[in-house]
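Written below as structure tokens is the structure these notes are about.
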Amino acid sequence: MRLKTKLVLAISALVVAVASALSLVYLDQLLEATINQSYQSNLLVAREVRYALQLALENGLKNREVHPNDPNELRTLAAQAVRSDATLATMISGVNRYSPTVYDISIGDDTDHILLTTGATAEDMPLPNRPNFAALVEGRPWTLLRVAMGPPQVFEIVLPIERNNQPFVSVHVGVRTSLLRAQYAPWIRAAISLMGLALITALIAAVLLSNVALKPMEEVSARLDFWNRQVKTAEDQRNEKKADTVARVASKIEQFGQRMQTVEDVFTAFKENVSHVLGNLQDGLILFAADGRVVLASEAVTRLLQRPQDALLGQTAEEIFNGPSALDRILSAAWNSRKSLSRMEVAAENGRRLVISLEWIHDDPSGRGLGALVTLHDPESVEAIESELEISRRLSAIGRLTAGVGHEVKNPINAIVVHLELLRNRIGSGQDGALRHLNIIHSEIQRLDRVVQMLADFSRPVEIRLAEYDLRMLVDDVVLLTEEQYVQRGIRIRSEQPDLPVMAKVDIDLMKQALLNVTLNGAQAMADGGSLTIQLSADDRMASIRVRDEGSGIPPEMLEKIFDLYFTTKKEGSGIGLSMTYRIVQLHQGEVRVQSEVSRGTEFEIRIPLLAVERGRQQELSQSISSLQKATG
């Protein structure tokens, strides 16, 4: 089936469906209005009959004496009054004859027996059981349609007359659905005529629209041929002419989409590789396109320029380098004069020393400028990395040394302890002075044994068991373990955490030990009490746990030694805790940073890589925040 035929059929079916739906709505509204109108008019009839019935009862029962304990006598007198009243009989007969929807009118007593009726049921017989017309009025549209279009039924309107708050007699007006149907039958014929007219109009419009709609498809097909640029054989051209217009266009779009998908896959893989490379660079890179706007920025730019990476994308050099710092002035002047810079050392806004370069990218055959590349080299970061490597080498060397020393010293210690016990037994209890010296020797040997055991524990290879873990639970566990102990020493410990999970792959026991060592170090630095804060946060790639104390601080000359094994400034310190923390964090591919100010306190920061899924969520969150800031800024 060709597209033109499909269009004609589709448009015709759509018009028929719309016309049918509108007709059904129209009929439903008409039916509802008819039933409401019939109900109101028949209710008025029932009220008029009830009024005539009241007059007939008053006239018939006037001056009649009725025994109060004989209800049958009252019922008999009421029946005589109703049946003998000519006005009432004439009224209900006339109403029944001339009303278009009234089927019959009956008057019943309190036992539901007929006193007077225009129907076929004899008097004194039980009233027929009929549904209430008022319930039909309140019914739903499909209920009205089902009743009106279904088999004929008789509904009734009932109005009672009470005596002493008890039913005495009642008026029953019967309404037959077949009589209602006769009223709206002409409307149904009019709706069907309207649908036929709409179908004929739809067929004519569909033929015209199909011719008009398919004409631009040929132009689209020609444009797709231009973009695909594929060589076609004579047979392919003949088959293409035989095919339907839309089928040809769909085939060409599919070919074009496959090519685009291939290009997109290559671009996505290239983008991921570039992002991975830039994420691992310590230098900041900013790539400008030919229009002078940023198209690429490495993660290090955020750290060096104190500006969000996403906020730089799309900005011009004039918008980025517009500050009062020397870096901004030099780069802005070089950009405006289109001069290159080569390894010029300047100071950034935060006082950090940077080595900057600006290189212009040209297309050699045409000589046109394709953009520019700004490089920000951070010598201090390189020195910090070299310092970390040096610490790692020293710890590794110390570990190898302590492993050998511990092994060589452990055996002589065991031998000394054995012979010391033998010597104690030989001396006996009579030599108190000698025993006192032996006890001192035994105590010191035990202390030496603990030191050697500590050395062995530090140098022993650590097997880490990595598992996905919410770092908020790690912080909560550490606070729970230390809070009571620190409160007794006058130290207030509190934690600051984000609302969303911070997921990382860690050995929870080792990380708990590392964080406990840092908090213990902070608590020991506050001899007079104070506040100890544990703050958890995350950026695009790393989770950060900061531990701040209000202790005495660490002198600058000691900062480089705090991670050395056995280095400590406390009397009760062992000099192993921070070294162990440094080693644990390195096993998790993380880093430990420390900032301290004498008499103000110290802040340790433990940085751990986030899960890949968590990094994506944090990047989306950062992008949303940046977009919101741009929108409100």
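The values are calculated or read from the model by the stated rules, or taken from the named source; none is laboratory data. What you are looking at is a predicted structure, and each value in this text was computed from that prediction instead of being measured. Note that each Cβ is placed from the backbone with ideal geometry, even for glycine, and that neighbours are counted across all protein chains shown. The accessibility values were calculated without ligands, DNA or RNA, using every heavy atom of the protein model including side chains. Shrake-Rupley method; radii C 1.70, N 1.55, O 1.52, S 1.80 Å.
Counting only residues that are at pLDDT below 85, out of contact with any Phe, Trp or Tyr (no Cβ under 9 Å at 6 or more places or on another chain) and of a type in the set (S, T, N, Q), which one in the stretch 550-585 is least open to solvent (accessible area, probe 1.4 Å)? Per the criteria, the residue is 568.
For the stretch 105-129, taking the residues that are among the polar types (S, T, N, Q) and not in a loop (DSSP other than H, G, I, E, B), the one that is least open to solvent (accessible area, probe 1.4 Å) is identified as 106. Taken together, the residues in the stretch 465-510 that are over 23 Å from residue 595 (Cα atoms), β-branched (Val, Ile, Thr), open to solvent by 10 Å² or more (accessible area, probe 1.4 Å) and under 33 Å from the mean Cα position of the chain (by Cα) amount to 1. Every listed requirement among (1) open to solvent by 40 Å² or more (accessible area, probe 1.4 Å); (2) at pLDDT 70 or above is met by residue 413 save one, (1). Summed over the stretch 137-186, the residues that are open to solvent by 20 Å² or more (accessible area, probe 1.4 Å), in a helix (DSSP H, G or I) and either farther than 17 Å from residue 99 by Cβ or touching a strand residue (DSSP E or B) at 6+ places or on another chain (Cβ under 6 Å) (or both) give a count of 9.
Does residue 398 satisfy the criteria of being of a type in the set (Val, Ile, Thr), at pLDDT below 65 and open to solvent by 60 Å² or more (accessible area, probe 1.4 Å)? Against the criterion (of a type in the set (Val, Ile, Thr), at pLDDT below 65 and open to solvent by 60 Å² or more (accessible area, probe 1.4 Å)), residue 398 does not qualify. Identify all residues within the stretch 511-532 that are under 14 Å from residue 605 (Cα atoms), crowded, with 18+ Cβ neighbours inside 10 Å and touching a helix residue (DSSP H, G or I) at 6+ places or on another chain (Cβ under 9 Å); write none if there are none. Correct list: 511, 514, 515, 517, 518, 519, 521, 532. If only residues of the stretch 73-110 that are over 15 Å from residue 53 (Cβ atoms) and touching a residue at least 24 places away in the same chain (Cβ under 8 Å) are counted, the one that is nearest to the chain's Cα centre (by Cα) is 101.
Can we say residue 481 is modelled with pLDDT under 85 and either out of contact with any Cys (no Cβ under 7 Å at 6 or more places or on another chain) or not in a helix (DSSP H, G or I) (or both)? No, not satisfied.
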